[in-house]
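A short worksheet on the structure shown next.
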Amino acid sequence: MKDAFGREIRYLRVSVTDRCNLRCRYCMPAAGVPDKGHGNILSFERIAEIVAAATELGVSKVRLTGGEPLVRRGIVDLVRTLAAPGTLRDLAMTTNGTLLADLARPLKDAGLMRLNISLDSLDPDTYRAVTRGGDLALAKRGLRAALDCGFPVKLNAVLQRGVNEREIPDLVDLTRDLPVELRFIELMPMNGDCAGDAFLPGSAVLDAVPALRPLEGDGKARRFALPGAAGTVGLIEPASRPFCAACDRLRLTADGKLKPCLLDSREIPLEGLHGDELTAALRDAILAKPAAHGALSFTGQSPAGRPMNRIGG
């Protein structure tokens, strides 16, 4: 189905939890999040119902997010349920990777097709500081398990001035031998712990690694590669190069609200809606997508209305 601006909406990002085993500064509050209780987040049966309704409107790609989706008990069963009808062209997950070593093979066998793994630093101390206590070794184990299982993998690194900017060349070097796409993502003003002086534009990657050569983009990312490298590099630049004209996604929060735009406070509740009413709400969300998000600012309140962990990464 097309939105009011002619964009075909094919992509639904589903947050299965707002909880996480890490506390990344650009996403999670330092103290974590209150326990909503099982009755206040979507059941797997409800998620499957919403995804099925979305596919009838043309959605063919679903990404499971959080928080951290691997902390949700039974996540492999959800993947199996969503994959079973065979209606999805792409079923993917974003994870911090620290719980992935033991779950990569079960997820692959259940029908998960791709993984995005967060990796903001290759220095154990910096990684621990950014994640407020995370263990880099666990993330690396998860990455290795994913590659060993044959998953196509993208690595997500949020650019942060004074934190990981000196590591840009080292991160890019991962693509020399690993068949991954390393995606550098511009910091967005979603959380109070992220100050504007930490913002680093995507162009800083090209300044730091002039050997990168351009490839064809995908509408949302500028793509590059080192000569002869096994992998590629992507730049996601929502602040300096917004890609709203190519946005084809809706977001479903863990508590059952549809967000037509990440950086907009509008939400469409799905509680109690089934059948034609659920389909109508999905149509409303698609038609409510704005042409573009507003200007981003680190000095005012986020236009998203929620912190990132309560929306879904």
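Details
- Taking the criterion of being closer than 30 Å to G6 by Cα and of a type in the set (G, A, S), the residues of region 34-85 that qualify are A48, A52, A53, A54, G58, S60, G66, A83.
- Qualifying residue in region 59-70 (condition: part of a helix (DSSP H, G or I) and buried (at least 17 other Cβ atoms within 10 Å of the Cβ)): yes
- Those strands (runs of 3 or more DSSP E) of region 206-310 in which 2 or more residues are of a type in the set (G, A, S) occupy 221-225.
- Residues being touching a residue at least 60 places away in the same chain (Cβ under 8 Å), in a helix (DSSP H, G or I) and either in contact with a strand residue (DSSP E or B) (Cβ under 7 Å, 6 or more places away or on another chain) or surrounded by fewer than 19 Cβ atoms within 10 Å (Cβ to Cβ) (or both) - total across region 41-58: 6
- Residues (touching a Gly at 6+ places or on another chain (Cβ under 8 Å) and more than 19 Å from M308 (Cβ to Cβ)) located in region 51-84: V79, R80, L82, A83, A84
- Helices (runs of 4 or more DSSP H) within region 102-174 that include 2 or more residues in contact with a strand residue (DSSP E or B) (Cβ under 9 Å, 6 or more places away or on another chain) and among the hydrophobic types (A, V, I, L, M, F, W, C): 104-110, 136-148
- Of all the numbered requirements in (1) surrounded by fewer than 21 Cβ atoms within 10 Å (Cβ to Cβ); (2) under 24 Å from P201 (Cβ atoms); (3) in contact (Cβ under 8 Å) with a residue 40 or more places away in the chain, L235 misses one, and that requirement is (1).
- Scope region 81-113; condition surrounded by fewer than 20 Cβ atoms within 10 Å (Cβ to Cβ) and β-branched (V, I, T); matching residues: T81, T87
No value in this document is a laboratory result; all are computed from the given coordinates. Nothing here was measured: the structure is a model prediction, and the numbers come from that model. Note that we place each Cβ from the backbone using ideal geometry, even for glycine, and neighbour counts take in every protein chain shown.
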